[in-house]
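J.: Below are the structure tokens for one structure; questions will follow.
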Amino acid sequence: MFGSIGMPLVDPALFSRMLKHRGSYVDTIKGAEISLSTVSRLPGRIFKDPELMVAYTGSPSVEGKQVSMAADLAELYALGKLDAPDAVNGHYCIALVDIPKQQIRFLRDNIGVNTLYVTRIGRGLAFCTEYKCLRALPGFDRSIDLEAIKGFERTGWVPSGLTFFSQVKPVLPGKWSKVSYEDNSFPSEAASSITPAIADAFVPVEVVADALLSAVERLGADQPPAVGIMLSSGVDSALIAELVARSMKQITVKSFTVGHNGGDPEIEGARLTALALGLEHHELFLEPSEFSRLLPEAMWAMENPGGYDEYPCLFGLCEMAGLHVDVLFSGNLSDTLFGGMNFHTQLWKSLNGRPTDEESAPNGSLTILKGAASGTHATLRTRSPSLHAELVATMDRRDERMGAQEMLAARFGIDLRMPYADTHVVRTAMRIPDPQKVNDKGNKLILRQASAMFLPEEIVKRPKRIQQLMYDSAMRTWLLTTFDLLFNSAAAQKRDVYDYENLALVREELVREVTRSTVQNAWKAISIETWLRMFADEEHFARAITDESVKPEAVLSPASP
């Protein structure tokens, strides 16, 4: 979806070409001051009458029924049935242009699976599903947001409500935002919380099972002919795979896993799950050297950097899945909803007076940017008063990490669907009290109980691991080679953003030892410079949009004298 208001009308063909991976149906409306385009896998995503223009992406549902035409959204809007954000479920972005009021309203799904970005050029406003299209507009302000980059450096993710461009902002999920044509502002309404402040005393396991089954059925209501699942070794994705197979009996569900060769527990566990569930299974083995291609292409696809080596791996998985399926389900977000991370277990132990596992020393994450706090900063978490409070804070953070996965899949024409991000599933999960999620016997307790209604015991009890490659000598070799290619170049040395003494320390620490801290410090430095080359530097960006794809060899070029 692309739109512009109060700007010189731009050629929609450029943006249709830049978004062509999102589908073959292109619809455009052009008026005296307004241009609106959609690129999608299905027609009917745009509508206009004398008073209202509507465009949308994704698969919104209202009153339990999936919306299939923009005209239906216009009718629902006129009837007041879209006024409450909770009335719209699914993964989607909606843009409504109220012509008499000279006002535009935006709404994203509660979790932010579908992306939408806004920029201002002069007194005009433009918005798009992918901000590379906004970057291509004449007159675009290329100034970078150093505070956003510092936030990424601290946490590994771009802070909520920001991008690395100071004049590009994401529409926040979960709340209607509105701007007038000429007020020169950005949509800035705070996203509303969809999580209850206090959990229930008890939630029956059947309620969780029913919520997930209903979410899968809603997301699969269109009965796509070729369906896959991102399959890990754990119970989260296995449960979704089984529910998808049950709701789409006429097809064989395909599963996709990525990892390293030679005894990767993720590969082995997913393989066993696929065999037990009768899935058509596909595996991708990667080596760190392959990141020279995968990292720039993944960043071009998802735009906001984040996720360390997990995201190039997921890009490779989506690339493989794109050869086989049109729709890809994911078990993502489950750990956040049901307390599945090691930190959640350690927090529960601490709060209940149990001995916690020994943890490594605080991550001395080197600050490579000028103006950041000098030396290193620790990334210790502040202890929450309860597991529920920790999960609520995480769910209300609303950064773009869910949208990043949708962007990776969309690059290969895949419609990504996340049942755990369904509003009803989120609300149900966040009603569950701490003792039903974590105790001294394990984590995600109620989800495992719900899974036992559908899955074999060996899958239910199997622990999940993060999909990533090993932090070993091969990873160090790739990181050091790439680091040198980037930071020994004339382009990097001209930038007035880095603390070069700390950049040298990042390299020295990685040479000395390979740990999670030293790998992630180097990875963040590489990510920042890669993004700056691809999006901020005019030469690289112009080449990418001309070729309609990023050329990794141009981004990771040999060092210049």
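The values are calculated or read from the model by the stated rules, or taken from the named source; none is laboratory data. As the structure is a computational prediction, the values presented were derived from the model and not from experiment. We place every Cβ from the backbone using ideal geometry, glycine too, and count neighbours over all the protein chains shown. The area values use the complete protein model at the heavy-atom level, side chains included, leaving out ligands, DNA and RNA. Shrake-Rupley method; radii C 1.70, N 1.55, O 1.52, S 1.80 Å.
J.: Quick check on the stretch 475-500: of everything there that is in contact with a Ser or Thr (Cβ under 6 Å, 6 or more places away or on another chain) and open to solvent by less than 30 Å² (accessible area, probe 1.4 Å), which residue is nearest to Glu287 (Cα to Cα)?
T.: Trp478
J.: Quick test for you: out of Asn110, Asn89, pick the one residue that is at pLDDT 90 or above, within 23 Å of the chain's Cα centre (by Cα) and not in a strand (DSSP E or B).
T.: Working: Asn89 fails: not in a strand (DSSP E or B).
None of the other options fit; the residue is Asn110.
J.: Moving on. Would you please list the contacts, defined by Cβ atoms under 6 Å and residues six or more apart or on different chains, that run from a residue in the stretch 275-302 that is in contact (Cβ under 8 Å) with a residue 24 or more places away in the chain to a residue that is buried (at least 23 other Cβ atoms within 10 Å of the Cβ) and of a type in the set (Asp, Glu)?
T.: Leu277/Glu242
J.: Within the stretch 120-176, which residues are open to solvent by 20 Å² or more (accessible area, probe 1.4 Å), hydroxyl-bearing (Ser, Thr, Tyr) and touching a strand residue (DSSP E or B) at 6+ places or on another chain (Cβ under 7 Å)?
T.: Ser166
J.: Could you run through the stretch 31-44 and say how many residues are open to solvent by less than 40 Å² (accessible area, probe 1.4 Å), at pLDDT below 80 and among the hydrophobic types (A, V, I, L, M, F, W, C)?
T.: Narrowing the stretch 31-44 to residues open to solvent by less than 40 Å² (accessible area, probe 1.4 Å): 31, 34-40, 44.
Checking the rest, the ones that are also at pLDDT below 80 come to 31.
So of that shortlist, the ones also among the hydrophobic types (A, V, I, L, M, F, W, C) come out as none.
The number of residues fulfilling the criteria is 0.
J.: Name, by its number, the condition in (1) assigned to a helix (DSSP H, G or I); (2) surrounded by 14 or more Cβ atoms within 10 Å (Cβ to Cβ) that does not hold for Glu458.
T.: (2)
J.: Working only within the stretch 103-119, note down all residues that are of a type outside the set (D, E, K, R), in contact (Cβ under 8 Å) with a residue 60 or more places away in the chain and surrounded by 17 or more Cβ atoms within 10 Å (Cβ to Cβ).
T.: From the stretch 103-119, those of a type outside the set (D, E, K, R) are 103-104, 106-107, 110-119; that's our starting set.
Pick out the ones that are also in contact (Cβ under 8 Å) with a residue 60 or more places away in the chain and you get 103-104, 106-107, 110-116, 118.
Across the stretch 103-119, the qualifying residues are Ile104, Phe106, Leu107, Asn110, Ile111, Gly112, Val113, Asn114, Thr115, Leu116, Val118.
J.: Still on this structure, I have one more. Could you grab me the full set of residues in the stretch 1-30 that are of a type in the set (A, V, I, L, M, F, W, C), modelled with pLDDT of 85 or more and surrounded by fewer than 19 Cβ atoms within 10 Å (Cβ to Cβ)?
T.: Here is the first cut: in the stretch 1-30, the ones of a type in the set (A, V, I, L, M, F, W, C) are 1-2, 5, 7, 9-10, 13-15, 18-19, 26, 29.
Now drop any that are not modelled with pLDDT of 85 or more, which leaves 1-2, 5, 18-19, 26, 29.
Across the stretch 1-30, the qualifying residue is only Ile29.
J.: Related question: Find the helices (runs of 4 or more DSSP H) located wholly in the stretch 313-414 whose residues include 2 or more that are at pLDDT 90 or above, among the hydroxyl-bearing types (Ser, Thr, Tyr) and open to solvent by less than 60 Å² (accessible area, probe 1.4 Å), and list them. Outline the logic, then answer.
T.: Working: elements: 334-338, 342-351, 387-395, 401-410.
Result: 334-338, 342-351.
J.: Hey, another quick one. I'm checking my understanding of the structure. Among residues of the stretch 214-234 that are more than 21 Å from the chain's Cα centre (by Cα) and hydrophobic (A, V, I, L, M, F, W, C), which one is modelled with the highest pLDDT?
T.: This residue is Ala226.
J.: Further, regarding this structure: Which ones in the stretch 415-442 are open to solvent by 20 Å² or more (accessible area, probe 1.4 Å) and either touching an Asp or Glu at 6+ places or on another chain (Cβ under 8 Å) or not in a helix (DSSP H, G or I) (or both)?
T.: Applying the first criterion (open to solvent by 20 Å² or more (accessible area, probe 1.4 Å)) to the stretch 415-442 yields 415, 424, 427, 431, 434-436, 439-442.
Across the stretch 415-442, the qualifying residues are Asp415, Arg431, Asn439, Asp440, Lys441, Gly442.
Condition check ((1) within 12 Å of Phe2 (Cα to Cα); (2) assigned to a loop (DSSP other than H, G, I, E, B); (3) of a type outside the set (Phe, Trp, Tyr)) across all residues:
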| residue | (1), (2), (3) |
| --- | --- |
| Cys93 | yes, no, yes |
| Leu96 | no, no, yes |
| Lys101 | no, yes, yes |
| Asn114 | no, yes, yes |
| Ala126 | yes, no, yes |
| Lys132 | yes, no, yes |
| Leu137 | yes, yes, yes |
| Asp141 | no, yes, yes |
| Ala148 | no, no, yes |
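J.: I'm told Phe140 meets every condition in (1) under 30 Å from Ile432 (Cβ atoms); (2) touching a helix residue (DSSP H, G or I) at 6+ places or on another chain (Cβ under 8 Å) except one. Can you identify the failing condition by its number?
T.: Only one criterion is unmet by Phe140, namely (1).
J.: Could you tell me whether the stretch 475-495 includes any residue that is of a type in the set (Gly, Ala, Ser) and at pLDDT 95 or above? Let's see the steps before the verdict.
T.: As a first pass, look at the stretch 475-495 and keep what is of a type in the set (Gly, Ala, Ser): 489-492.
The next check asks that each one be at pLDDT 95 or above; those that pass are none.
No: the stretch 475-495 contains no residue that is of a type in the set (Gly, Ala, Ser) and at pLDDT 95 or above.
J.: Every residue in the stretch 69-100 that is surrounded by 17 or more Cβ atoms within 10 Å (Cβ to Cβ) and either out of contact with any strand residue (DSSP E or B) (no Cβ under 7 Å at 6 or more places or on another chain) or small (Gly, Ala, Ser) (or both), please.
T.: Hits for the stretch 69-100 are Ala70, Asp72, Ala74, Gly90, Ala95.
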